[in-house]
1. Of I95, I26, I72, I58, which residue is in a helix (DSSP H, G or I) and within 27 Å of E180 (Cβ to Cβ)?
2. Hey, does the range 9-21 have a residue that's open to solvent by 90 Å² or more (accessible area, probe 1.4 Å), touching a residue at least 12 places away in the same chain (Cβ under 8 Å), closer than 26 Å to K220 by Cβ and outside any helix (DSSP H, G or I)?
3. Looking at (1) in contact (Cβ under 8 Å) with a residue 24 or more places away in the chain; (2) open to solvent by 10 Å² or more (accessible area, probe 1.4 Å); (3) over 22 Å from Y179 (Cα atoms); (4) more than 19 Å from the chain's Cα centre (by Cα), can you tell me which one L90 breaks?
4. Counting only residues that are of a type in the set (F, W, Y) and assigned to a strand (DSSP E or B), which one in the range 169-207 is farthest from V132 (Cα to Cα)?
5. So, V226, is that one at pLDDT 95 or above, in contact with a Phe, Trp or Tyr (Cβ under 8 Å, 6 or more places away or on another chain) and assigned to a loop (DSSP other than H, G, I, E, B) or not?
6. Return the residues of the range 230-269 that are open to solvent by less than 50 Å² (accessible area, probe 1.4 Å) and part of a loop (DSSP other than H, G, I, E, B); say none if nothing qualifies.
Amino acid sequence: MEQQLLQVRPLTIDDLPALEQMDTGIEDDYVVQIFDRLIDSKTQELFGLFQNNQLLSIAGYSLFGQNRFAMIGRLRSDRRYRAKGYATELLKPVIEQLKEKPEIKWIGANTHVHNLSARRLLEKTGLHSGAVSHYLTLNAPDKLRGYTPGERWSEVHTISDKRDLLLNNKDNELGLFPYECYYPLPYDEAFFTDDYLIDSNLYINSDNSRFVLIKNDQKKYDYAHVKYFWNDHYRQPGFFETLLYHWNENPQNVGCWIDFSEKGFDKIPDPSPYDVQDPWILYGLWT
């Protein structure tokens, strides 16, 4: 009987009181703060699992890459009703709905490697585990040690040259495209739009064997979001000089956010210049 009372539906602005009454354990939840913007967004949607009129769990998705890539997120459950499979009951129909959209080519989610309950949930919904990322913010550059010094790399200015470099780098050591802070996605040309490349700075080394794409991003704080697709950060002359040049040119940034692969992270000789987060793992499904 209880299962018959469960309903999954998109949330509307009228559901804000029900969201505010959920006991999620999250203080100052940003989803509550920006709820109206999420509801009005054309590239984001929120869903809720209701039992009668009580909201038990919420989740949503954001669309990227010309609306071809859907990232699941904002999963919250009422602590009084956890461990009853409600999150799975919510996510399965959301994912099934996304599969029915012909423009969607990939559905995924990102969670901490050590969040075993979230990983089991994603696996139950049919998503497969993929690349692991380490998010580090370089915020104490005076502590950098063990890197190869060199001249700052040259900047590439034209959209076509930036796109060509990215298109020729699909099989890279990072194993993904860090589109935004917290949003790694499959490496795909759908992300290399004119607007995205105009807003990004691309620097290339003297022998044209390495480049780095840096885009300013805001996630509570402003960051220089560094997209480097190799594991030899400390061996490439001028790499860190280039990052610090960009930071100096954009003093509003609190640091350089760098996505490292597992191998790249293991090669860092000293983590003290960074704010180090727990590693994340990307789950996904090609439709």
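1. On the way: I26 fails: in a helix (DSSP H, G or I); I72 fails: in a helix (DSSP H, G or I); I58 fails: in a helix (DSSP H, G or I).
Going through I95, I26, I72, I58 in turn, just one is in a helix (DSSP H, G or I) and within 27 Å of E180 (Cβ to Cβ): I95.
2. Step one: of the range 9-21, the residues open to solvent by 90 Å² or more (accessible area, probe 1.4 Å) are 14, 20-21.
Filter again for touching a residue at least 12 places away in the same chain (Cβ under 8 Å), leaving 20-21.
From the residues that got through so far, the ones that are closer than 26 Å to K220 by Cβ too are 20-21.
With outside any helix (DSSP H, G or I) added as a condition, the list becomes 21.
Checking the range 9-21: at least one residue is open to solvent by 90 Å² or more (accessible area, probe 1.4 Å), touching a residue at least 12 places away in the same chain (Cβ under 8 Å), closer than 26 Å to K220 by Cβ and outside any helix (DSSP H, G or I).
3. Here L90 clears every test but (2).
4. Going residue by residue through the range 169-207, those that are of a type in the set (F, W, Y) are 177, 179, 182-183, 187, 191-192, 196, 203.
Now drop any that are not assigned to a strand (DSSP E or B), which leaves 177, 179, 183, 203.
On the way: F177: 12, Y179: 15, Y183: 12, Y203: 25 Å.
The extreme case among them is Y203.
5. On the way: at pLDDT 95 or above: yes; in contact with a Phe, Trp or Tyr (Cβ under 8 Å, 6 or more places away or on another chain): yes; assigned to a loop (DSSP other than H, G, I, E, B): no.
So V226 does not fit the description; no.
6. Result: W230, N231, D232, H233, Y234, Q236, G238, N250, N253, G255, S261, I268.
The values are calculated or read from the model by the stated rules, or taken from the named source; none is laboratory data. Everything numeric here is computed off the predicted structure, so don't read it as measured data. Please note: Cβ atoms are built from the backbone with ideal geometry, for glycine as well, and neighbour counts cover all protein chains shown. Keep in mind that these areas ignore ligands, DNA and RNA; they rest on the heavy atoms of the full protein, side chains included. Shrake-Rupley method; radii C 1.70, N 1.55, O 1.52, S 1.80 Å.
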